[in-house]
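One structure is given here, and the rest of the page talks about it.
The values are calculated or read from the model by the stated rules, or taken from the named source; none is laboratory data. Since we're looking at a predicted model, the values are computed, not measured. Please note: Cβ atoms are built from the backbone with ideal geometry, for glycine as well, and neighbour counts cover all protein chains shown. Side chains included, ligands, DNA and RNA excluded: accessible areas come from the protein's heavy atoms. Shrake-Rupley method; radii C 1.70, N 1.55, O 1.52, S 1.80 Å.
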Amino acid sequence: MNHSVEKIGGTSMSRWQDVLQNIWLRPHTGADGNSSLYQRVFVVSAYAGITNGLLEHKKSGEPGVYALFAEMDDKHPWQDKLQQVLQQMLDINAGMFADDAVTRKRADQFISERIGDVQECLQHLAAVCSFGHFQLDDHLHRVREMLSALGEAHSAYNSVQLLRQHEVNARFIDLTNWVSDDQQSLDEHIASAFADVDFVREMPIVTGYTQCREGLMRTFDRGYSEMTFSRIATITGAREAIIHKEYHFSTADPLLVGADNVHPIGQTNYDVADQLANLGMEAIHPRAAAGLRKQNILLRVKNTFEPEHSGTVIRNDYCSSTPKVEIIAGTRNVWALELFDQDMVGDPAYGQRMNDLVLESGVRVLTKDYNANTVTFYMKGNSRRINWLMERLQQVYPQAEVRVEKLALVSAIGSDMNIPGLLQQASGALSAAGVNIRSVHQALRQVDMMFLVSDSDYAAAVKALHGQLIEQADTWPAQKLA
């Protein structure tokens, strides 16, 4: 096939004028050498902030419609929140179709009907679950899926109307399965939706959410649009998969180290992408990337607002010609949960229940370390889940000392970091910047090196490591790069 499958993130979608000019209306040259608007499939995310309102805020944890509904408050605050989200969507429509009253009315009617469907469904579900034979917890994952579908349906539908205003033959492909008595698998749903698509003459605009038997959110939660994007690329046999973001895939966050000190990464591999995903800085979800890797589909990450730039290519077979650090990345608000117990020594089964509890808590483990009598998990999660985990651990291990501390994690990442003296260089840079290293992790694979530091030292640590390991890398003695 000669087509590409491209995903546009929520922040980019909110700047729809730039997306229109820089991506949709910008002709591209296909593998056959011809220039065209078509031979491209676009998977779109919800506009920025919409999914936060429908579910919960991704960073702050502020409850959205889903979180409020799950609490089953008698005052029904979820209904007010749902109307707030609807108003946000209508405001977006007003800005997008300000000069076209007919199209705006059509867009308003589309999303208002869907919001109305959700409100009616949730009211009926709440009434049913007021009876003892029905438990709300049994249905919450379906509620989460249904709410997620709203944001992507809104942005995809609007995008099609906008493109048709510009005489583009756009086609709305709604994978939300909104009104249907048929349940298909993920692959079956995508295959049937694309069975009659003419890539040469149509521009498919696809919802980032796909309703399927498996339930995407059970495995991927907020990363479901990446799975839709990946499976469309593999099932339709795309020649290339492209992700459009609001920033370049760069050596570090320019807000921390300065825009003049960072530069885009031209190429890297899926191993590096996996390490970034572990930190919550996903180029693509590791499970979503698996299909692309197996079919050897090239993945490209591009900046929406710099369309001339070729972006970053992620491929199976890339390895830097010279061992080096490619990226300095990290995350704040990392919970270090430490369990100390002298009875642990010599008991190989001691940590089995501990690992089960960590899994049950729903937190995300970034890394962990242990010695003869101490295990420390470094995790991301809200304080409620962390407190639950601490209480359960103390119950199961009553003789243990359990404590928690908030830290930050900064990581040096590269496709090949087999550099003698790298740890010394990194530690020296942090020390010179006044950053105290609380813990350090380096695996034999030599693709990442993690430093746990005080949360207040995060920015200083990123800047220090970037300055030493990337900006000053050319000044290293030649024998250290041999």
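Label separation (residue 395 vs residue 60): 3.2 nm, computed from points 7 Å beyond Cα along the C-beta direction. Per residue, the average separation of C-alpha pairs within less than 8 Å and at least 6 apart gives the chain a relative contact order of 14 percent.
Between residue 440 and residue 17, the modelled labels are 5.0 nm apart [label points 7 Å from Cα along Cα→Cβ]. Once backbone amide H atoms are built at 1.01 Å from N, residue 57 has 62, 64 as its partners under 5 Å, excluding neighbours fewer than 5 places away on the same chain. The H on the amide N of residue 298, modeled in the peptide plane, is under 5 Å from the matching H of 241, each at least 5 residues off or on a different chain.
Put +1 on the Cβ of each Lys and Arg and -1 on the Cβ of each Asp and Glu in region 359-482; which of 433, 377, 361 then has its Cα farthest toward the positive end of the dipole? Of 433, 377, 361, it is 361. With equal scatterers on the alpha carbons only and no solvent term, can you work out the Debye log10 of I(q)/I(0) for region 289-337 at 0.12, 0.20, 0.23, 0.30 1/Å? Computed log10 I(q)/I(0) values: -0.48, -0.95, -1.00, -1.08. Computed over protein heavy atoms with a 1.4 Å probe, the carbon and sulfur contribution to the accessible area of the chain reaches 47%.
Each Lys and Arg Cβ is given +1 and each Asp and Glu Cβ -1; about its Cα centre, the chain then shows a dipole of about 620 debye. Compare the Cα positions of 66, 136, 199 along the charge dipole of the chain (+1 at Cβ of Lys, Arg; -1 at Cβ of Asp, Glu; about the Cα centre) and return the one farthest towards the positive end. The listed residue farthest towards the positive side: 199. Label separation (residue 473 vs residue 221): 3.2 nm, computed from points 7 Å beyond Cα along the C-beta direction. Give the lysines reachable from residue 380 as a straight Cα distance under 19 Å; neighbours fewer than 8 places away on the same chain don't count. The qualifying lysines are 58, 59, 368, 406. Accessible surface calculations at 1.4 Å, restricted to protein heavy atoms, place region 340-451 at 52 Å² per residue.
Seen from a random direction on average, the alpha-carbon convex hull of region 47-98 projects onto 3.6 square nanometres.
For a paramagnetic label modelled on residue 140 (point 7 Å from Cα along Cα→Cβ), amide N atoms under 13 Å away belong, within region 53-79, to 56, 64, 66-73. Dimensions of the chain along the principal axes, based on C-alpha atoms and rounded to the nearest Å, stand at 67, 64, 36, largest first.
Overall shape of region 438-477 was characterised from the C-alpha gyration tensor. The equivalent ellipsoid obtained from it has semi-axes of 19, 17, 6 Å, in decreasing order. Accessible area per residue for region 254-331 is 44 Å², calculated with a 1.4 Å probe on protein heavy atoms, without ligands, DNA or RNA. Packing around the peptides 125-135, 288-298, 242-252, taken as the average count of other Cβ atoms within 10 Å per residue, puts them in this order, highest first: 242-252, 288-298, 125-135.
Rounded to the nearest Hz, the phi-derived 3J(HN,Hα) couplings of region 5-17 under the Karplus curve 6.51 cos²θ - 1.76 cosθ + 1.60 (θ = phi - 60°) are 10, 10, 10, 10, x, x, 5, 5, 4, 5, 9, 5, 5, where x marks glycine and proline.
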